[in-house]
Amino acid sequence: MKSILAEVVTIGDEILYGQITDTNTQWMSAELSKIGIRTVRKSSVGDTEDQILQILKEAESRADVILITGGLGPTKDDITKKTLAKYFGVGMVLNEEALANVTEIFARRGFELTELNRQQAMVPTNCTCIVNKAGTAPGMWFEHQGKIFVSMPGVPYEMKWIMENWVLEHLSAFFQTPAIYHKNIRTIGIGESFLAEQIEAWEDALPSHIRLAYLPSMGQVKLRLTATGASISELEAEVQQQVNTLLTIIPEYVYGYDDDELETVIGKLLLDQNLTLATAESCTGGYVAHTITKVPGSSRYFTGGMVTYSNDMKINQLDVLPDTLVQYGAVSEETVRQMAENVRKKLNTDIGISTSGIAGPDGGTPDKPVGTIWIAYADKDKTVTKKLQLFRDRLLNIQYTTLSVLNLLRQNLPASVETAAP
C-alpha cells in the first residue's frame, strides 16, 4: 500500500521573527499520523508572494497533502488566499456560506460587518470552502493533479476546529491510507548508546513493518515503535508482543508508556501501596517537591518537604549531626543519609528522599567540583545513597538531580511499573 506523505507549511513573518511559537505543526503532524498520513517536511515562509509560491511548488513535488496555516486575516499583509489563487491560475469569488458565517459572528458580538471583514468570505474559485465555526476566516480545500492542498487560519483553536470537524475526515475518504500505530516505551537511567547495545538483537529482529526510533531527552530515552499495516487491532497486538519481549531484556529501565511522566508513575505506585513520602532538599531548592506536586491528587501520598539550604537549617530543622557536617561536609553521603532518614521521621512518612550538592556555576573544590551531587532514599528497612557527577550548568544540575532522586525512589519501591502490562 502506497504511503501518503504530507508537508505542513506555516505562513507569517511573525513566525520567522520568533515573535510567536509555532505549535500548529506538531499537533497537525500527530493528527495526520493517526489516519495513516506521514509528515515528511515542515516549512515556514514569510508573508511574501514569491516565497509562498516557491514553497508551494516545492511542497507539491514532495508530498501528496500540503497543509497550510496562516495569512488568512482581513489585513493587507495576509496574502495567502490571493497567492493560492495565483498559484492555481484562478480568480476569486464571494462564498455566500462563508459570508453568512462571518455576518452571524459579527452580529452576535454586536459589531457592524465592515467591507474589510466581508472580504474574508472571498475565496479562490477552484476551492471547496470550509466554513469556520470557530472564527471568521474560512478554510479552503483544493484538489489539484491528485494532490490535496488545505489552507487554514494560523490561530491554533481555529485550525484545530477545521481539522477535527472537516479536514481529517475528508483526507481519510480521499486517500486509501494504511493504518499506523505508535507505542512509546519510556526508559530512564541508561544512555541512548548503552540502551541501543542492550536491545540490538531485539531491534534487528523487528519485522519490516515495525520501525524503532530513539527519542532521547534529559536522563531519559523514549523508544517509539511505529507499525504500519491494514488493521489497527492487529498492529496493536503485534506491537504488544514486541513490548513484552523488550521487558524481558531491560525491565529495570522501563518506567512507563506513551504519555506517562515519571512523577505520575511514582504517584500511582505510592497510592497503590498506600505509602507516604517526604522530601529534604538542599541543592534542588524545592524542585523535587514542586515536581511531585504537579500531579493532581499528590496530597494523598506527599506529606511535605523541607528545604534546608544552609548547614544551620540542616542541624536545627533536620537534626543532621554537626559533627557530620564538620567531618564530611554538606555534600556527602553521610549528610544526605541523615537528611532522608530524619525527614521521614520528622514528617512521619513511610519514605524520605534527599538531595545535597554543588549546583554551580561556582562553589566547587578540587575534591568536590561543580556538579557533585548526593541523593538518598530511606524507608523503615533501608537507606540507599547515590553519587552523581553532573554538569557546570546550575539549572541542568537541579533538573537532573530531581529526575535522579525520583528514579532512585522508583527503583526502591516494592513493585515497579516496568513489569506491568502496558
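Of note:
- Put simply, of Ile351, Ile292 the only residue that is crowded, with 16+ Cβ neighbours inside 10 Å, closer than 30 Å to Asp259 by Cα and more than 29 Å from the chain's Cα centre (by Cα) is Ile351.
- Some residue of region 172-187 being in contact with a helix residue (DSSP H, G or I) (Cβ under 9 Å, 6 or more places away or on another chain) and assigned to a helix (DSSP H, G or I): no
- In summary, Gly229 fulfils each of the numbered conditions (1) under 12 Å from Asn184 (Cα atoms); (2) without any contact (Cβ under 8 Å) to a residue 60 or more places away in the chain with the single exception of condition (1).
- Residue list for region 173-205, filter: open to solvent by 50 Å² or more (accessible area, probe 1.4 Å), in contact (Cβ under 8 Å) with a residue 12 or more places away in the chain and closer than 26 Å to Ala237 by Cα: Gln176, His182, Gln198
- Residue list for region 264-274, filter: in a helix (DSSP H, G or I) and either open to solvent by 50 Å² or more (accessible area, probe 1.4 Å) or at pLDDT below 95 (or both): Thr264, Lys268, Leu271, Asp272
- Criterion violated by Val102 - all others in (1) at pLDDT below 90; (2) crowded, with 21+ Cβ neighbours inside 10 Å; (3) closer than 24 Å to Lys34 by Cα satisfied: (3)
- Test: residue in region 116-123 that is assigned to a helix (DSSP H, G or I) and either small (Gly, Ala, Ser) or modelled with pLDDT of 90 or more (or both): yes
- Scanning region 359-375 for residues that are touching a Lys or Arg at 6+ places or on another chain (Cβ under 7 Å) and either surrounded by fewer than 24 Cβ atoms within 10 Å (Cβ to Cβ) or among the hydroxyl-bearing types (Ser, Thr, Tyr) (or both) gives Gly360, Pro361, Val370, Gly371.
- Criterion (farther than 30 Å from Ile199 by Cβ, assigned to a loop (DSSP other than H, G, I, E, B) and of a type in the set (Gly, Ala, Ser)) met by exactly one of Gly285, Gly352, Gly305: Gly285
- Counted residues, region 35-54 - those being part of a helix (DSSP H, G or I) and surrounded by fewer than 22 Cβ atoms within 10 Å (Cβ to Cβ): 5
- Within the set Asn132, Asn165, the sole residue that is under 25 Å from Thr39 (Cβ atoms), crowded, with 23+ Cβ neighbours inside 10 Å and of a type in the set (S, T, N, Q) turns out to be Asn132.
- Residues in region 4-30 that are within 15 Å of Ser172 (Cβ to Cβ) and either exposed (fewer than 15 other Cβ atoms within 10 Å of the Cβ) or at pLDDT 95 or above (or both): Ala6, Met28.
- Any hit, region 275-282, residues being of a type in the set (Asp, Glu), closer than 17 Å to Ser354 by Cβ and buried (at least 17 other Cβ atoms within 10 Å of the Cβ): yes
- Residues that are among the charged types (D, E, K, R) and in contact with a strand residue (DSSP E or B) (Cβ under 9 Å, 6 or more places away or on another chain), drawn from region 87-114: Glu97
The values are calculated or read from the model by the stated rules, or taken from the named source; none is laboratory data. What you are looking at is a predicted structure, and each value in this text was computed from that prediction instead of being measured. Using ideal geometry, Cβ is built from the backbone for each residue, glycine included, and neighbour counts are taken over all protein chains shown. With ligands, DNA and RNA removed, areas are computed over all heavy atoms of the protein, side chains included. Shrake-Rupley method; radii C 1.70, N 1.55, O 1.52, S 1.80 Å.
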